[in-house]
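Written out below as structure tokens is the structure these notes cover.
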Amino acid sequence: MIAAIFVVLLAVSTIIALSAAPSRIMVAAPTGLIAALLMIEEGGVAPRTAIVVALLLAFLIAVVGTGASGQASSAPPAGTLAWNRLTGEAGILTRGRIAALRRRYDALLSRDPTVDPFSTFGELRIKLERRVPELIDNYLDEAATAPTLRRHALMAELLGEVEGLVARAEAVDPHALARSDRRAALKKHLKGDEQP
């Protein structure tokens, strides 16, 4: 009875530790599983004991990883917090649209930071980086007290504005333009080879 309670408590604490550090689950869970299988198959250890050891190992990996990464990393940028809050407030049907928009937004911000800030792309990138999180926070503040229909209208308006800004930045993105030019040159070259 005490062993069963211990196993349940260890399982719960492991789940809590892994939820605090979700990036560690890809290391902790397989490591615990492999350790349990090896102990059962190769070591002749009782399955219950192997499960306890595996859970303990996964817990230690998650806790040690959380402590080390928690001290080394700083707080997430304001943009990340704004996007996370927006995703949390959105309905299920809107979350896919937000996720796709956020991927495009993150891709633009991850471009080479040495781009001329006075170029069209540089200006749009700065607007994306600084003003979109502010716009999202503004929406969330207004939507907190708004009726449901107004919240939906505000969400549609917000996403439309951000999508428009992202589309404008993508249209003048030097990396995308270079890829497009290469693709056009390759198509022209291939068409030239087909003609007699």
### Task
Scan the stretch 137-152 for residues that are in a helix (DSSP H, G or I) and farther than 12 Å from ALA90 by Cα and jot them down.
ASP137, ASN138, ASP141, GLU142, LEU149, ARG150
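Results for (1) within 18 Å of LEU109 (Cα to Cα); (2) surrounded by 16 or more Cβ atoms within 10 Å (Cβ to Cβ), shown as yes or no for each residue.
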| position | (1), (2) |
| --- | --- |
| ARG131 | yes, no |
| ILE136 | yes, yes |
| LEU140 | no, yes |
| ARG150 | no, no |
| GLY160 | no, no |
| GLY164 | yes, no |
| HIS175 | yes, no |
| ARG179 | yes, no |
| LEU186 | no, no |
### Task
Would you confirm whether any residue within the stretch 132-154 is touching a residue at least 60 places away in the same chain (Cβ under 8 Å), closer than 24 Å to LEU81 by Cα and hydroxyl-bearing (Ser, Thr, Tyr)?
no
### Task
Starting from the stretch 90-117, keep only residues that are in contact (Cβ under 8 Å) with a residue 40 or more places away in the chain, then list their pairs with residues that are in a loop (DSSP other than H, G, I, E, B) and aliphatic (A, V, I, L, M) whose Cβ atoms are within a distance under 8 Å, requiring at least 6 positions of separation or different chains.
ILE98/ALA90
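Where a number appears in this text, it was derived from the coordinates with a stated rule and is not lab data. The structure displayed is predicted, hence computed values, not measured ones. Counting neighbours? That spans all protein chains shown, and the Cβs are built from the backbone with ideal geometry, glycine included.
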